[in-house]
1. Which residue, 78, 28, 17, tops the fluctuation ranking in a GNM of the chain built on C-alpha contacts under 10 Å?
2. In degrees between 0 and 90, to the nearest 10, how far off the longest principal axis of the chain does helix 27-38 point, with axes built from Cα atoms?
3. For the chain, how big is Rg over Rh, using alpha carbon atoms and the Kirkwood form of Rh?
């Protein structure tokens, strides 16, 4: 059974200093996020407005699948961003 995971993104070693999140080389990351959304895996996500990174909420069968999704992200592979995945229990609201 799928469960929600939060993937928290922060600046990686290839982050371009002095540039906003919108000026980073994230085109492949955005295409990857669109593919996850089209597959029904991505629930929601986006950048933080202080340009320190962002987060997404995905559905995965477990920690191994969530980690695989995170590690396949081009922004993580290219070290523009570092990421960590955490299981999440939504207690208020509904998605």
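Where a number appears in this text, it was derived from the coordinates with a stated rule and is not lab data. Nothing here was measured: the structure is a model prediction, and the numbers come from that model.
1. Looking only at 78, 28, 17, the largest GNM fluctuation is found for 17.
2. 10 degrees
3. On the way: Rg = 13.1 Å, Rh = 13.5 Å.
For the chain, the value is 0.96.
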